[in-house]
Amino acid sequence: MHIVRFLSKHFHLSDTKGAIAQNLFWAVTGKIVNLIGGLLVGIIVARYLGPEQYGMMSYVVSYVFLFQTLTLFGLDSIEVREEARSQVPYQTVIGTAFGLKVMFGVFFFALSVLTSWLMEADGFTTVLVAIYSLSIILNTLIVIRNYFTAIVQNEYVVKAEISRTLIGIAIKGFLLFVHAPLLWFVVAYMFDYVLLGTGYIMAYHAKVGRIRQWNFDRQYARFLIHESFPLLLTSAAVIIYQRIDQVMIGTMIDKQSVGFFSVAAKFTEVLVFLPMILAHTIAPVLVRVRERSEADYFMKAQQFMNLSFWLSLIAAAFVSILAYWLIRFTFGEAYLPAVAVLQVMAFKAASVALSNTAGTMLIAEGLQRWAILRDGLGCVVCVTLNYLLLPRYGVMAAAFVSIASNVAAGYLADAIIPAYRHLFVCQTKAVLLGWKDILRAKHILGK
């Protein structure tokens with residue numbers, strides 16, 4: 001925090017930007033700890049399990065994630081927006097969102113286990129899916145995190161997430177020490193959600209109030225469902241082109257190839273965290289700025305997009321160059337087939353930066369009703385290209401398709417959809433001219 005105070009003073013940040021910087025500091029700190037912790041554990045676990053079993057675990061996680069995202073019903077962004085507006089008591093917003101997510105969670109938990117049982121000839125895979133699917137219900141407590149995000153106070157939930165990460169590392173370290181089988185590692189990854197939910201509840205009790213004060217309002221629930229339904233459809237499309245690749249690799253090639261792809265994805269997740277955190281952090285800020293001034297809103301949104309895209313692109317280039325050494329000295333020689341995959345997938349971070357900032361803008365402007373068309377294009381591109389290219393070119397095809405589907409959904413679609421063409425203009429400016437804001441970042445922050 002001393003660093004944040006120093007930077008605020010050095011750049012002469014306003015109180016609002018100081019709060020944003022502090023919130024961003026905690027968000028980045030938490031994400032860095034979680035990503036580094038997850039990466040280190042992933043490296044050790046991957047070395048211990050080997051490409052085939054590690055690929056099996058990655059397949060299970062990706063499969064369950066499809067249903068976990070559907071459970072959120074697109075409510076997260078709407079919850080943050082409504083809490084930032086403060087037009088409805090936050091106890092009603094949180095309580096109603098939580099009630100809806102629990103109902104959806106129970107349904108999609110059952111659906112994930114049932115579909116796995118019908119699709120998988122291997123009963124052991126279904127057992128792993130059933131265990132990890134408990135995370136679908138446990139993840140509903142993310143409503144607490146959304147509230148702290150809306151009030152720009154990430155500090156409290158980030159501390160809970162860091163604690164979860166450290167305890168989770170200790171548990172997985174113990175499993176490695178006793179040479180536990182794959183089953184217990186899946187249990188441990190599911191238990192991470194128990195730790196996280198407990199931490200969220202403790203943070204909420206310490207800083208806000210009691211959960212029993214939450215209020216489920218049926219009429220307000222209808223409003224949330226109406227507002228979030230377009231985002232549910234969007235989420236369904238997004239998870240298809242963001243996570244279906246590992247499921248398709250496991251089904252059309254083999255579980256070992258999933259392991260190689262997952263290793264590259266681990267490093268890509270580290271790159272992607274910067275644009276995702278920037279987008280998540282500025283969301284409530286852009287809502288407030290837009291209510292005051294349309295001109296200021298577009299200026300700030302453009303600046304955030306410029307910085308997010310070019311910082312991500314520069315970082316991706318470095319990772320691509322260092323891909324061989326990164327994998328050779330972390331996951332080991334057994335995972336060297338993942339090097340070429342990482343060299344390509346690293347640039348996914350730039351496409352995510354372009355897409356996420358535009359996505360934040362369309363939420364702030366209340367244009368989410370057309371988002372299904374945006375992400376539907378990405379879904380079609382992802383499934384079609386993977387289906388056509390995976391059998392012929394293997395896991396490398398999935399790396400190129402992951403970028404192509406992001407570009408299609410997060411950039412090209414904005415040129416096609418009339419309501420989003422102003423986003424396409426902003427994105428094009430970011431690609432062509434955004435590098436200038438890297439050179440004058442101090443001036444931008446100081447405004």
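The values are calculated or read from the model by the stated rules, or taken from the named source; none is laboratory data. These figures come from a predicted structure and were not determined experimentally. Here the Cβ is made from the backbone with ideal geometry for all residues, glycine too, and neighbour counts use every protein chain on show. Side chains are part of the model used for accessible areas, which takes the heavy atoms of the whole protein and leaves out ligands, DNA and RNA. Shrake-Rupley method; radii C 1.70, N 1.55, O 1.52, S 1.80 Å.
Every residue in the range 408-422 that is over 18 Å from Thr360 (Cβ atoms) and open to solvent by 10 Å² or more (accessible area, probe 1.4 Å), please. Before the answer, list the steps.
From the range 408-422, those over 18 Å from Thr360 (Cβ atoms) are 408, 412, 415-416, 418; that's our starting set.
Result: Leu412, Ala415, Ile416, Pro418.
Out of Val289, Val263, report the one residue that is without any contact (Cβ under 8 Å) to a residue 12 or more places away in the chain, part of a helix (DSSP H, G or I) and open to solvent by less than 50 Å² (accessible area, probe 1.4 Å). Before the answer, list the steps.
Working: Val263 fails: without any contact (Cβ under 8 Å) to a residue 12 or more places away in the chain.
Answer to the selection: Val289.
Do any helices (runs of 4 or more DSSP H) lying entirely in the range 1-90 carry at least 3 residues that are surrounded by fewer than 23 Cβ atoms within 10 Å (Cβ to Cβ) and modelled with pLDDT of 85 or more, and which ones are they? Give the steps one after another, and end with the answer.
Working: elements: 2-10, 15-72, 75-85.
It comes to 15-72.
Tell me the residue from Ala317, Ala301 that is assigned to a helix (DSSP H, G or I), open to solvent by 10 Å² or more (accessible area, probe 1.4 Å) and either in contact (Cβ under 8 Å) with a residue 12 or more places away in the chain or of a type in the set (A, V, I, L, M) (or both), please. Walk me through it before giving the result.
On the way: Ala301 fails: open to solvent by 10 Å² or more (accessible area, probe 1.4 Å).
Matching residue, one of Ala317, Ala301: Ala317.
When the range 363-406 is examined, which residues are found to be open to solvent by 60 Å² or more (accessible area, probe 1.4 Å) and either in a loop (DSSP other than H, G, I, E, B) or not aliphatic (A, V, I, L, M) (or both)?
Arg369, Trp370, Thr384, Tyr387, Pro391, Arg392, Tyr393, Phe400
What is the one condition in (1) more than 24 Å from the chain's Cα centre (by Cα); (2) surrounded by fewer than 18 Cβ atoms within 10 Å (Cβ to Cβ); (3) in a helix (DSSP H, G or I) that Thr125 does not satisfy?
Thr125 satisfies all of (1) more than 24 Å from the chain's Cα centre (by Cα); (2) surrounded by fewer than 18 Cβ atoms within 10 Å (Cβ to Cβ); (3) in a helix (DSSP H, G or I) except (2).
Looking at this structure, is Ala236 closer than 21 Å to Leu72 by Cα, part of a helix (DSSP H, G or I) and open to solvent by less than 20 Å² (accessible area, probe 1.4 Å)? Before the answer, list the steps.
Values: closer than 21 Å to Leu72 by Cα: yes; part of a helix (DSSP H, G or I): yes; open to solvent by less than 20 Å² (accessible area, probe 1.4 Å): no.
Considered against the rule, which asks whether it is closer than 21 Å to Leu72 by Cα, part of a helix (DSSP H, G or I) and open to solvent by less than 20 Å² (accessible area, probe 1.4 Å), Ala236 comes out as no.
Can you tell me which residue within the range 320-345, out of those that are open to solvent by 10 Å² or more (accessible area, probe 1.4 Å) and not in a helix (DSSP H, G or I), is farthest from Val45 (Cα to Cα)?
If we filter the range 320-345 for residues that are open to solvent by 10 Å² or more (accessible area, probe 1.4 Å), which is where we start, we get 320-322, 324-326, 328-330, 333-334, 336-337, 339-340, 343-344.
Within this subset, residues satisfying the condition of being not in a helix (DSSP H, G or I) are 322, 329-330, 336-337.
Numbers: Leu322: 22, Phe329: 15, Thr330: 11, Leu336: 16, Pro337: 18 Å.
The selected residue is Leu322.
Considering each of Thr125, Thr115, Thr140 in turn, give the residue that is touching a Lys or Arg at 6+ places or on another chain (Cβ under 6 Å) and either of a type in the set (D, E, K, R) or within 24 Å of Phe185 (Cβ to Cβ) (or both).
Working: Thr125 fails: touching a Lys or Arg at 6+ places or on another chain (Cβ under 6 Å); Thr115 fails: touching a Lys or Arg at 6+ places or on another chain (Cβ under 6 Å).
Just a single option satisfies the conditions, and that option is Thr140.
Identify, from the list Lys436, Lys429, Lys348, the residue that is in contact (Cβ under 8 Å) with a residue 12 or more places away in the chain, within 24 Å of the chain's Cα centre (by Cα) and either under 24 Å from Phe273 (Cα atoms) or surrounded by 19 or more Cβ atoms within 10 Å (Cβ to Cβ) (or both).
Working: Lys436 fails: within 24 Å of the chain's Cα centre (by Cα); Lys429 fails: within 24 Å of the chain's Cα centre (by Cα).
Residue meeting the stated conditions: Lys348.
Read through the list (1) in contact with a helix residue (DSSP H, G or I) (Cβ under 8 Å, 6 or more places away or on another chain); (2) in contact (Cβ under 8 Å) with a residue 12 or more places away in the chain, then give the number of the only condition that Pro89 fails.
(1)
Can you work out which of the residues in the range 170-205 that are small (Gly, Ala, Ser) and either assigned to a helix (DSSP H, G or I) or more than 20 Å from Leu40 (Cβ to Cβ) (or both) is most open to solvent (accessible area, probe 1.4 Å)? Lay out the reasoning, then the answer.
The first filter runs over the range 170-205 and keeps only residues small (Gly, Ala, Ser), leaving 170, 173, 180, 188, 197, 199, 203.
Right, trim to either assigned to a helix (DSSP H, G or I) or more than 20 Å from Leu40 (Cβ to Cβ) (or both) and you get 170, 173, 188, 197, 199, 203.
On the way: Ala170: 64, Gly173: 35, Ala188: 7, Gly197: 6, Gly199: 13, Ala203: 12 Å².
Selected residue: Ala170.
When you go through (1) under 21 Å from Leu388 (Cβ atoms); (2) of a type in the set (Val, Ile, Thr); (3) open to solvent by 20 Å² or more (accessible area, probe 1.4 Å); (4) in contact (Cβ under 8 Å) with a residue 60 or more places away in the chain one by one for Thr251, which number turns out not to apply?
(4)
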